[in-house]
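The values are calculated or read from the model by the stated rules, or taken from the named source; none is laboratory data. Values in this document were obtained by computation on a predicted structure and should not be read as measured data. Cβ placement follows ideal geometry from the backbone for every residue including glycine, while neighbour counts extend to all protein chains displayed.
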């Protein structure tokens, strides 16, 4: 499995922020796509490299975080 195929999800309890990274976390531009939801985009390629959700605790249960899962293309 390649590092670019890994999705990492982390939750910062103190900041109440969920970070989702596709591949290794890296610098990116953020574009707000909803209330407290930021899409992270690689500035060189335009590829989506992550998602950040602010104030996550206001959206539902958090008892299953953190998660680690692999992404696979459907065939």
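Checked against (1) surrounded by 10 or more Cβ atoms within 10 Å (Cβ to Cβ); (2) within 12 Å of the chain's Cα centre (by Cα); (3) at pLDDT below 95, residue 71 passes all but a single condition, namely (2). Residues in region 1-26 that are at pLDDT 90 or above and outside any strand (DSSP E or B) were compared, and the one that is surrounded by the fewest Cβ atoms within 10 Å (Cβ to Cβ) is 14. Identify, please: which residue in region 37-57 is outside any strand (DSSP E or B) and either surrounded by 15 or more Cβ atoms within 10 Å (Cβ to Cβ) or within 11 Å of the chain's Cα centre (by Cα) (or both) and is, among those, modelled with the lowest pLDDT? So, considering only residues that are outside any strand (DSSP E or B) and either surrounded by 15 or more Cβ atoms within 10 Å (Cβ to Cβ) or within 11 Å of the chain's Cα centre (by Cα) (or both), the one modelled with the lowest pLDDT is 56.
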